[in-house]
Amino acid sequence: MIRTLWDLIASKPEPKPRRVRRTSRAAPRPDAAPRRDGPMAARYRSMQREMLARYGVRVRKWRTSMSGVAWQVTYKDGTMARLIESPQPRGPMSAAVFLHEIGHHAIGFNRYSPRCLEEYHAWRFAIEAMQERGLNVTNAVLKRRHESLRYAIDKAVRRGLRRLPEELEPFLEPFEPPAHRQAG
């Protein structure tokens, strides 16, 4: 007997029953201490609240990745919304990305030209804000800044940049972590 395509369509096999994945939520151990935020978590939260209030910025979305974006919207009535998406500050890298996005609002959009110079000043704002608040500026944060600015320079060159601003010249070289300072 020859089967046709219509025979196959008419006699669909029964779907396999779906396995229900059950997750057990273990009850907390009675002897385990409740998780407490340490002093650094409180400092990050305090910095976050202060910066959002000072610059009138609203977080549209907390990102899970270490990336961010800042923009502003001007409405017909003249009001302006200042918005960012960034990771919530919980450590040096997420704090640096958060402060970089705040930095765009702090320095003002389209204030610096070319655009890679605006990126430089937003990173400068972020690093200085971290230092002022005693937050740890790690080599990973400095490397991230370096790579971000190198990317911005390369992008500007592809778009026809003729003269690189002096402040950005160090970012043409490979990243060199700063030497550790000796106490005493």
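The values are calculated or read from the model by the stated rules, or taken from the named source; none is laboratory data. What you are looking at is a predicted structure, and each value in this text was computed from that prediction instead of being measured. Neighbour counts run over all protein chains shown; Cβ positions are idealised from the backbone, glycine included. For accessibility, only protein heavy atoms count, side chains too; no ligands or nucleic acids. Shrake-Rupley method; radii C 1.70, N 1.55, O 1.52, S 1.80 Å.
Considering region 118-156 alone, what residues qualify as being basic (K, R) and in contact (Cβ under 8 Å) with a residue 60 or more places away in the chain? Answer for region 118-156, where residues must be basic (K, R) and in contact (Cβ under 8 Å) with a residue 60 or more places away in the chain: R133, R144. Condition first: touching a helix residue (DSSP H, G or I) at 6+ places or on another chain (Cβ under 6 Å), within 9 Å of E101 (Cα to Cα) and not β-branched (V, I, T). Now tell me which residues in region 64-85 satisfy that. G68, A70 - these are the residues of region 64-85 that are touching a helix residue (DSSP H, G or I) at 6+ places or on another chain (Cβ under 6 Å), within 9 Å of E101 (Cα to Cα) and not β-branched (V, I, T). When Q88 is tested against the conditions (1) under 25 Å from L164 (Cα atoms); (2) in contact with a helix residue (DSSP H, G or I) (Cβ under 8 Å, 6 or more places away or on another chain), the lone failure is (1). Only one entry of T138, T79, T74 meets the criterion of being open to solvent by less than 50 Å² (accessible area, probe 1.4 Å) and either within 20 Å of F171 (Cβ to Cβ) or more than 17 Å from the chain's Cα centre (by Cα) (or both), and that entry is T138. Here is a check on your reading of the model: is P89 open to solvent by less than 100 Å² (accessible area, probe 1.4 Å), at pLDDT 95 or above and out of contact with any strand residue (DSSP E or B) (no Cβ under 8 Å at 6 or more places or on another chain)? Criteria met by P89.
Scanning region 141-174 for residues that are more than 17 Å from E101 (Cα to Cα), open to solvent by 30 Å² or more (accessible area, probe 1.4 Å) and of a type outside the set (K, R) returns D154, V157, G160, L161, L164, E166, E167, E169, P170, L172, E173, P174. For region 98-117, the criterion of a residue being in contact (Cβ under 8 Å) with a residue 40 or more places away in the chain, part of a helix (DSSP H, G or I) and open to solvent by 40 Å² or more (accessible area, probe 1.4 Å) is satisfied by at least one position.
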